[in-house]
1. In degrees, nearest 10, range 0 to 90: what is the angle between the Cα axis of helix 12-27 and the longest Cα principal axis of the chain?
2. For the charge dipole of the chain, defined by +1 on Lys and Arg C-beta atoms and -1 on Asp and Glu C-beta atoms about the Cα centroid, which residue among Leu20, Ile40, Tyr4 has the Cα displaced farthest towards the positive pole?
3. For a quick check: with amide H placed at 1.01 Å from N, whose amide H comes under 5 Å from Ile34's, ignoring anything fewer than 5 positions away on the same chain?
4. Given that just one value was derived from the coordinates, which of (1) 21, 42, 20, 11, 5, 0; (2) 25, 51, 22, 2; (3) 21, 57, 20, 1 is P(r) over Cα pairs in 10 Å bins from 0, in percent?
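No value in this document is a laboratory result; all are computed from the given coordinates. Not measured: the values here are computed from a predicted model. All Cβ positions, glycine included, derive from the backbone under ideal geometry; neighbour counts span all protein chains shown.
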Amino acid sequence: MRDYYFDGYERTIDSHIKNLRKKIASQLPNKEVISTIYGIGYKLNFPW
């Protein structure tokens with residue numbers, strides 16, 4: 001297609017973060033490893 005601009009899906013990153021949180025929670029229960037910073041993005045909190 002010509003002259004077609006695709007910006008991607010808006011919720012793609014959110015879906016990946018959700019899946020990562022699920023996988024991390026199975027290994028490290030009761031730890032918030034990835035936190036959301038409103039207006040900025042995400043923050044990785046090391047559990048140790």
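1. 20 degrees
2. Leu20
3. Amide H neighbours of Ile34, under 5 Å, 5+ apart: Asn45.
4. (1)
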